[in-house]
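Below is one structure, written out as structure tokens; the observations come after it.
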Amino acid sequence: MIRRIVFSLLMGLLVCLVFSCRKKEIPLDAEEFKWLLLDMHKVDGTLAVWRGRYGYEEAANYAYYNELLKKYGISREEFDSCLYFYSANTKEFSQMYDFIIDSLNRQLTIADRVVKELKANDSINYFPQKLDVMVQDTIFLDSVVTIMIDSIVPGLYKFSTTLQFDSISRNRTRMIASYFLSEDKKDTLHVRNIVIAPDTVKRVYTWSQYADSVYSHLMIRYMEEVPEKERPKIYKNGKVIAGKKEKPINLKEFHGISWDNQLFRPYISRETEKRLKQGLHR
């Protein structure tokens, strides 16, 4: 009986000594390892965002993880030994992940708050709501209508409008012409022209354009005439009539209207803004 008790005590002491030795061999203590795991989950999240995007390479993962392990001064094998050691202690490992989940949630809350502040202007409609040509958000298109929007600041602008006419025509000689202007009106940034299809069915027309700090005004001209050289050719018996092109439709006869005019400046990341700025064609 006594021999059994002594044997049990010796075995317990031996286990403690072995455990102690193993713990001393672990390259990172619990505090350091939980911060490594937290950083690793951040890397996982970053890589998850880029998966499936153009130019993404799965092999690039190794570079991210290797840099992270280098930051903590351990190798992949040492990380595996830490993971094996701490995961064996369920209670301690669970406490680590309680800390990690709490930290990530707090950082997400902060990030969401920052993004919300950055997107605060996303819902602001910069299109003027009180105009001489507008009645209850409706612009009557019986003539060419010019809208000037001042106080333009750098950003990506998205414009949309809904048009409808009393008559139908295949004529495509009217358009919405838009361009940004500098303060002195000498520098112009043209937005793509939108050719109008006169129709009794309502149609939505849109464009998007980035403008930098050079520009301070935006002009939008509804039902502008398409330049003669760009107008559709006239056909007769399947042949083009030389020197003949369509004439612009008579706006008073078509009784067109425009409504739901919107001009938004959604938030974009710095990388997107840099790319759009480089692609500007003045």
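The values are calculated or read from the model by the stated rules, or taken from the named source; none is laboratory data. Note that the structure is a prediction, hence the values are computed from the model and not measured. Virtual Cβ from ideal backbone geometry, glycine too; neighbours counted across all protein chains shown. Ligands, DNA and RNA are stripped out before the accessible areas are found, and what is left, the full protein with its side chains, is counted by its heavy atoms. Shrake-Rupley method; radii C 1.70, N 1.55, O 1.52, S 1.80 Å.
Side notes on the structure shown:
- Vicinal HN-Hα couplings computed from phi for the range 136-152 (Karplus, 6.51 cos²θ - 1.76 cosθ + 1.60; Hz; Gly/Pro x): 6, 6, 10, 9, 8, 9, 7, 7, 5, 10, 10, 10, 10, 10, 8, 6, 6
- Unsatisfied cross-links (Cα-Cα over 23 Å) in the set 185/245; 42/116; 185/252: 185/245; 185/252
- Given charges at beta-carbon only (K, R positive; D, E negative), |dipole| of the range 188-229 in Debye: 140 debye
- In order through the range 242-258: 3J(HN,Hα) via Karplus (6.51 cos²θ - 1.76 cosθ + 1.60), integer Hz, x for Gly, Pro: 4, x, 10, 9, 4, 9, x, 5, 7, 4, 5, 7, 8, 6, x, 9, 10
- Probe 1.4 Å, accessible area per residue of the range 153-273, Å²: 56 Å²
- Residues whose amide H falls under 5 Å from that of residue 223, counting only those 5 or more places apart or on a different chain, are 175, 176, 177, with hydrogens built in the peptide plane.
- Remark: the Cα gyration tensor places the range 105-261 in the prolate category, a/c being 1.5 or greater and a/b exceeding b/c.
- Calculated FRET efficiency, residue 255 to residue 192, Cβ-Cβ distance, R0 = 30 Å: about 0.70 to the nearest 0.05.
- Between residue 137 and residue 185, the FRET efficiency from the beta-carbon distance, with R0 = 25 Å, is close to 0.30.
- ³J(HN,Hα) computed for each position of the range 261-271 - Karplus, 6.51 cos²θ - 1.76 cosθ + 1.60, integer Hz, glycine/proline x: 7, 9, 9, 10, 10, x, 5, 10, 6, 5, 5
- Ordered by 1.4 Å accessible area with all protein chains kept, 205, 215, 126, 235 run largest first as 235, 126, 205, 215.
- Gap separating the Cα centres of the range 68-111 and the range 190-230, nearest whole Å: 54 Å
- Potential lengthening between residue 88 and residue 123 on full extension [0.36 nm per residue; Cα-Cα distance subtracted]: 7.5 nm
- Nitroxide proxy distance, nm - points 7 Å out along Cα→Cβ at residue 67 and residue 97: 2.8 nm
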